[in-house]
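Bear in mind that the values in this text are calculations on the coordinates, not laboratory data. Everything quoted here is computed from the prediction, not taken from an experiment. As a convention, Cβ positions derive from the backbone with ideal geometry for all residues, glycine included, and neighbour counts pool all protein chains shown.
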Amino acid sequence: MIEQLKDLPATVVGFRASGHVTKEEYDTILIPAVKKLADNTTGKINYLFELDTDLSNMSAGAWYDDLKIGLQYLSHWRKIAIVSDQDLVNKFAVFTGHITPGEVRSFKIGELAAAKKWVAE
């Protein structure tokens, strides 16, 4: 399930993924919110994604939409905070930071408050 985080500044869009994550949730929750932020700001996106589920719980369609939204807004990313206790996810975030415009940082679940603060700066 994807839920949009509501306790973020208007310049940040954030989500929490838990349990099983589907393409439909990306299509109806995540993608419209990212698009709205990109359209209503200077075009720069500050993005927080808390992955509080195992990677295997994301459907193939969700993975595809994740890649698609990343590429669609490639030049718009300003800051991306990935929050997860999975080492593979955090290593991938570091790798992504080398090829994505903007800044990318990974945080552990217990560092969620720090991630919110960083992405909002």
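Tabulated results
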| item | result |
| --- | --- |
| Check: the chain dipole with +1 on Lys, Arg Cβ and -1 on Asp, Glu Cβ, in debye | 460 debye |
| Lys68 paired with Ala120, simple spin-label distance in nm, labels 7 Å along Cα-to-beta-carbon | 3.2 nm |
| Whether the stretch 56-109 is rounded, prolate or oblate, judged on the alpha carbon gyration tensor where a/c under 1.5 counts as rounded | oblate |
| Sum of -39500 (n - 2.57) over DSSP H runs of 4+, divided by residues of the chain (222 nm, nearest 500) | -11500 deg cm²/dmol |
| Semi-axis lengths (Å, descending) of the ellipsoid that matches the C-alpha gyration tensor of the stretch 1-62 | 22, 12, 8 |
| q = 0.15 Å⁻¹, the chain: log10 I(q)/I(0) [Debye, one scatterer per Cα] | -0.60 |
| Relative contact order of the chain, defined on C-alpha pairs under 8 angstrom at six or more residues apart (%) | 25 percent |
| Residue exposure sequence - Val104, Val89, Val21 - by fewest surrounding Cβ within 10 Å | Val89, Val104, Val21 |
